[in-house]
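*Asks:* Dumping the structure here so I can ask a few things about it.
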Amino acid sequence: MKRIKTFSKEKLIDCWSHGKKISLNNIRYRVGRMSYGDYFLEPGKPQGETKPFNKGTLWLERIDKDNYKI
């Protein structure tokens with residue numbers, strides 16, 4: 001069974017704005033944010049806005065106004 005991992009909005013904003021990485025299952029992810037507010041975790045080097053996301057990108061689902069989950 002897959003374990004649900006949750007993140008606070010505060011943690012995601014801090015990682016996104018300061019370029020900090022999040023480690024899950026020994027994989028380091030950068031925190032990305034879409035212009036409309038959705039957050040995602042992307043492994044590897046950032047691809048830029050005109051290229052597809054890296055394989056293994058995880059999209060976060062908003063639980064409530066202050067928390068997100070994988």
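*Asks:* Considering every Cα-Cα pair within the chain, what fraction, in whole percent, is farther apart than 17 Å? Intermediate values should be presented prior to the final figure.
*Replies:* Values: 924 of 2415 pairs.
That tail contains 38 percent of the Cα-Cα pairs.
*Asks:* Something else now. So what are the ³J(HN,Hα) numbers for the stretch 57-70, from phi and the Karplus equation (6.51, -1.76, 1.60; θ = phi - 60°), rounded to whole Hz, Gly and Pro as x?
*Replies:* Result, ordered by residue: 5, 10, 9, 8, 9, 6, 8, 8, 5, 10, 9, 10, 9, 8 Hz.
*Asks:* Also: Run the helix sum for the chain: -39,500 (n - 2.57) per DSSP H stretch of 4+ residues, divided by residue count, reported at 222 nm to the nearest 500 deg cm²/dmol.
*Replies:* My calculation for the chain gives -4000 deg cm²/dmol from helical runs alone.
*Asks:* Hey, another quick one. Sequence gap of 8 or more, or different chains, plus Cα separation below 12 Å: how many lysine pairs satisfy both in the chain? List each step's numbers first, then the result.
*Replies:* On the way: Lys5/Lys69; Lys9/Lys65; Lys9/Lys69; Lys11/Lys20; Lys11/Lys21; Lys21/Lys45; Lys45/Lys55.
Count of close lysine pairs: 7.
*Asks:* Measuring from label point to label point, each 7 Å out along Cα→Cβ, what is the Tyr36 to Ser17 span in nm?
*Replies:* For Tyr36 paired with Ser17, the spin-label model returns 2.4 nm.
*Asks:* While we're on this one: What spacing in nm lies between the two simple spin-label points modelled at Ser8 and Asn26, each 7 Å away from Cα in the Cβ direction?
*Replies:* 3.0 nm
Bear in mind these aren't lab numbers, they're just calculated from the coordinates by the rules spelled out. Model, not experiment: these values are computed from the prediction. Neighbour counts run over all protein chains shown; Cβ positions are idealised from the backbone, glycine included.
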